[in-house]
1. Hey, with R₀ at 30 Å, roughly what FRET efficiency would residue A:218 and residue A:343 work out to, going by the Cβ-Cβ distance, to 0.05?
2. Only helices at least 24 Å long along their own axis, judged from Cα atoms, and with Kyte-Doolittle mean hydropathy of 0.5 or greater: name those in chain A from DSSP H.
3. What residues qualify as long-range amide H neighbours of residue A:220, i.e. H under 5 Å apart, gap of 5 or more or another chain, H built at 1.01 Å from N?
4. For segment A:180-311, compute Rg over Rh where Rg is the Cα radius of gyration and Rh is the Kirkwood radius from the inverse mean 1/r over Cα pairs.
5. To the nearest µm²/s, what D does Stokes-Einstein give for segment B:138-277 at 25 °C and 0.890 mPa s, using the Kirkwood radius over alpha carbon pairs as Rh?
6. For the modelled label position 7 Å from the Cα of residue B:170 along Cα-to-Cβ, which residues of segment B:122-159 have backbone nitrogen atoms closer than 15 Å?
7. Go through B:230-242, A:334-346, B:121-133 and give me the packing order, highest mean Cβ count within 10 Å leading.
8. Could you tell me what % of all Cα pairs in the protein assembly as shown have separations over 36 Å?
Amino acid sequence: MNTQVATEETDVPLTTDLTTSPPKPRVWPRLPLHYLEPIAISLSALVASLILFSLFILVVAHANPIESMQLMYRGSFGTAFSWQNTLIRAAPLMLTGLCTALPLRLGMVIIGGEGALVLGALAAAGTAHLMPNSSSFAVLVAMMLAGSLTGACWIALAGSLKYYRGVNETICSLLLNYIAIAILNQMVEGPMHDPESLNTPSTWYIGDANMLGKMFGTDVHWGLGLGLIICIVTYLLMDHTVIGFAARIAGGNIRAARVAGLSVGKITVFICALAGAAAGLAGTVEVAAIQGRANANITAPGYGYTGILVAFIARANPLAVIPVSILIGGIGASGGLLQRRQHLPDATVLVLQGILFLMILTFETFYGRFKIFQRKEPTHA
Amino acid sequence: MPDAGSVGLWAVPLALFGGAIRVSTPFIFVSLGECLTEKSGRINLGLEGTLIMGAMSGYALSYLSGSSLLGVLAAGFVGSIFGLIHAWLCSRPRVNDIAVGIGLMLFGTGLAFFLGKPYIQPTAPQLPVINLGWWSNIPQVREALKINALFVIGALLAPAMLWMLNRTRWGLIVRTVGESTDAARAMGYSINTVRAIATAAGGFLAGMGGSFLSLCYPGSWSEGLSSGQGLMAVALVIFARWNPMNCLYAALLFGAAGALAPALQSVGVTSYRYMFIAAPYMMTLVIMIMTSSRTRTMVGVPAELTVSR
């Protein structure tokens, strides 16, 4: 860097060279402030949305927003119990968040996490039924393989339609959601129906022995550990391997990627399959740790759709998906307390999530506006 | 009644016809709204949220005021506010219109569920129905020819919008902004203002389409009211090649697909029920696969639209 600056200064005419003072030494020479830019802007967006949400609570719901904030804190991070509730919700969100975040790196907006989750759950429940005499470890592994493979195929379908046929991936993946839910409903009432499930038509129970265990004596199941590991692995894959590098080039400039000899189609389908596998695994975890069966309750928390929000707030960074999932999981966990104490409808949480989403997108406009965060690069004449 | 039995297998096409008109009405409004917005060079994926907000506010105002017409207007008004929010957010630099659309979809859904809680139970006055089947004494025929006033408005709106886009000064301005922002700027038009007006007008139509869901068919407010019509309308506009008249025909086709499950159920076919319910989605997907191409630019697509670039 220094040599570059030096050569440039020799080009400057002598007269100006005498009058201008030598470049001032930087005050904070190596502080990586540009890493803080997304964090600072995202936190400001969070604060702004909490202010807007407070106004909403005050004006529309005629409730005390300060009390709401306190309740939300208590319901999400205030006690050990609420922390566990938050983390249980965060686990599937990490996986469905990845389902949107990974293709976003390629410039594709995939909103099909719900469909991959539903089919992953269905495949996992079916697999458990086919292995009645196997050890629980084998059953769990098989369930996860089946769930993630089904999800992978589902989103890879959207990805290949986008690449090979130019079909808009956003609408396509949304349509696939509805088709997946129809398949679930058809299966649980038809070929995979368990006659013992009376109120909600469901698949067969996977069995107590095959349920996913809890972590370290808490109430949080191992789905959380799985989510954390997969977020970290995909982060390493996207940011520190050749595949991830190729994916980022293809996302940035598809022509440049082709000129560089990258097979963009294969990368697109691979990343989409990976994304779908994550969402399918979320469905598997919901079956293996929470529901025990696949049925319409899988779609009730809307993890697939909330995953879209997670991905956008995390700005498609798999590592950032972890804290964002915990935050959004916390918001979800606090909904019950708001309902009981302040008699706010259960959709309050959805309103806050919606405001947060819009604020994050609005604050996108502030990137590059603040000098303090800019990487100090040598200026080219 | 002896006549009822004599309908026989004709019951399916009859129910399909009546159902197509009922189911297609929201599609007509949302797709016309989306068509107008996209003609100005912006894509609004938030119409799903607008639709649900329209359904909720239309039902609420119809219940509170006792006038379903006022409900429809309120739904349109709320829809245009959502359109303006979308337009304002998108006019900021570096803000992506597709992402804002998804944000507005989630926000609109949440807000409608929040505000709509008190209106799940009560019954609001419904929209008037025109009985075109008065000449027949067969109940199925009468049922099929009960045409809603909003459908008639929508069917008239499509040629009106085509005329507006192709034959008026306003239409020319909207198309110019959608085809080339440079040309529009050179003519002295503000890109953001024109797009804001087009998005707000599109939102108005989508809101009206939403009010049809709660005020006519299925005819009450509930949280499961909309099932992706707002986003399917985006696919429909692509299929219709950004032509309002084609939007009308495409909406009728989608309506018929949506009416398939209830029509078959009425004659006792209940197996694979959910697969028939998913028929419109599968049809949309197949149509999108058939009409899209990796290499060809689509005919009629506004050049400034993000999906075409």
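Throughout, read-outs are computed from the coordinates displayed, never taken from laboratory work. Given the structure is predicted, the values throughout are model-derived calculations rather than measurements. Using ideal geometry, Cβ is built from the backbone for each residue, glycine included, and neighbour counts are taken over all protein chains shown.
1. 0.45
2. Span-like helices here: A:33-59, A:80-105, A:113-130, A:136-165, A:169-189, A:223-240, A:264-285.
3. Amide H neighbours of residue A:220, under 5 Å, 5+ apart: A:215.
4. Rg/Rh for segment A:180-311 comes to 1.09.
5. Stokes-Einstein gives a translational diffusion coefficient of 139 µm²/s.
6. Counting only backbone N, you get B:157-159.
7. Listed from highest to lowest mean packing, they are B:230-242, A:334-346, B:121-133.
8. 44
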